[in-house]
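This report refers to the structure that appears directly beneath it.
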Amino acid sequence: MELTLPGENSPTRIWVKDWIKSNPNATSKELAQAGLVAPHWPKPYGLDATPIDQLIIDEELRGSGIKRPENIIGIGWAGPTILHAGTKEQKDRYLLPLLSGEEIWCQLFSEPDAGSDLASLSTKAVQDGDDFIVNGQKIWTSMGHFAKFGILLARTNSDVPKHQGISYFILDMKSPGVRVTPIVDMTGMHTFNQVFFTDVRVPKDNLVGELNKGWELAKVTLANERVSLSSGGSLWGRGPTSRDLIDLLRMFGGVNDPLIRQRVAEIYSEGEILKWLTLRQISKAIKGAQPGYESSVKKALGDEHGQKLMNLANDIAGMKGSLESLAGIDSTSDLSSAITSWYYGFLFSAALTIGGGTSEVQRNIIAERTFNLPKEFDASSSKPFNS
Ligand SMILES: Cc1cc2nc3c(=O)[nH]c(=O)nc-3n(C[C@H](O)[C@H](O)[C@H](O)COP(=O)(O)OP(=O)(O)OC[C@H]3O[C@@H](n4cnc5c(N)ncnc54)[C@H](O)[C@@H]3O)c2cc1C
């Protein structure tokens, strides 16, 4: 994907180059303190960077081989929410260690009976003096086994419509009464967990925003999306792309089977369409236009594309190839190295159309918000969903 960015005379480029030169061995903490981890955030945590400046900064860091710290939930969810609704004390305490990756965060939203219909969650937080006492259970909590903090949605009022009685908390995962048990997924890896709460005391200072207004906060992130020209990896931005598969096939002499050739052509076309969608999203952001339907469409198409790509790779590799690719990966493997494996990708790809909102739910969002179609009918309450 091509996008011409301002050249060597751009003040942002000059500034970043100088910074990198003066900080040749920058630590994650130094990157965070310089505002370079999330440059689109307001100062002092970010740089108030425009979309173009974000792309320049990305290009310079990438060019110098500098990797930003990873803290997906912290930087992607918790940070933007604290920035939006947190107190000064919360911003001072949590944002820098979160940006530097020193404190990893997890997301305590889903429950056994509340996934797509998250507002049906039943974990309760009851106020008791200066604390809330939390009881209940969460599930599918990625990184819950090593996270320092979690963003927690809990019910604080059961006597009002379900969306109106939820509050948003910061939970110290080491609090007495928090029990984390592993779930090993079908890739063989332990990335998510069940989390049980028994009389867990959460100080009321850890409430983010107003009591019972947590549902509004759960939707904050999109407004703060970073502009980036990611590699377009088919596993939620990571892992291999359709072009990677095609390069591999070329390297091994191409494909003769006409049915496989058709699937390769289809996967290539989809990969290119997804890239153009990303470019359209970026060009809108650069022009200062409101984010539109592109991210929902990209998720709905991209997740299924990832599954198709991985299925195709697996069919081409056959059983021998899959088994060879699997060799050496077990539950102790590092995710970054495992994710480069096509077979890991094949097994993981089943999760793509579930995590972060299922494909069906994405299609509902596109139908309702882009095409203004009527909201779907909720048979249990005789009212449309999400009303
Ligand atoms: C890899 C991975 C990581 C995850 N990490 C986290 C995490 O860190 N924290 C966290 O809180 N959660 C996490 N989740 C959970 C994820 O958010 C939920 O799995 C997801 O929201 C779906 O909920 P559910 O599994 O309860 O499925 P359900 O909501 O029960 O859905 C079951 C099926 O019904 C369909 N369906 C449901 N409602 C509708 C509707 N209204 N219209 C049409 N079809 C519908 C769904 O599309 C799906 O096919 C993770 C999931 C995965 C796969």
If you go through the stretch 348-378 one residue at a time, how many are near the ligand (Cβ under 9 Å from one of its atoms) and on the phi > 0 side of the Ramachandran plot? 2
Tell me whether the stretch 4-27 contains one or more residues that are farther than 24 Å from K284 by Cβ, charged (D, E, K, R) and modelled with pLDDT under 95. yes
Among (1) over 21 Å from K219 (Cα atoms); (2) of a type outside the set (S, T, Y); (3) part of a helix (DSSP H, G or I), there is one condition P6 misses while meeting the rest; what is its number? (3)
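Yes or no, residue by residue, for (1) surrounded by fewer than 17 Cβ atoms within 10 Å (Cβ to Cβ); (2) touching a residue at least 40 places away in the same chain (Cβ under 8 Å); (3) touching a Leu at 6+ places or on another chain (Cβ under 6 Å); (4) hydroxyl-bearing (S, T, Y):
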{"position": "A125", "(1), (2), (3), (4)": "no, yes, no, no"}
{"position": "D131", "(1), (2), (3), (4)": "yes, yes, no, no"}
{"position": "S158", "(1), (2), (3), (4)": "yes, no, no, yes"}
{"position": "M186", "(1), (2), (3), (4)": "yes, yes, yes, no"}
{"position": "N193", "(1), (2), (3), (4)": "no, yes, no, no"}
So which helices (runs of 4 or more DSSP H) are wholly in the stretch 288-348 and hold at least 2 residues that are modelled with pLDDT of 90 or more? 294-326, 342-348
Give the stretch 52-69 a look and list any residue that's touching a residue at least 60 places away in the same chain (Cβ under 8 Å) and surrounded by fewer than 18 Cβ atoms within 10 Å (Cβ to Cβ), or say none. I52
Filter result (within 13 Å of the ligand (Cβ to nearest atom) and either surrounded by fewer than 17 Cβ atoms within 10 Å (Cβ to Cβ) or part of a loop (DSSP other than H, G, I, E, B) (or both)) within the stretch 161-181: M173
Yes/no for I354 being surrounded by 14 or more Cβ atoms within 10 Å (Cβ to Cβ), within 28 Å of M143 (Cβ to Cβ) and at pLDDT below 85: no
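The values are calculated or read from the model by the stated rules, or taken from the named source; none is laboratory data. All values derive from a computational prediction rather than experimental measurement. Cβ atoms come from the backbone with ideal geometry, glycine included; neighbour counts cover every protein chain shown.
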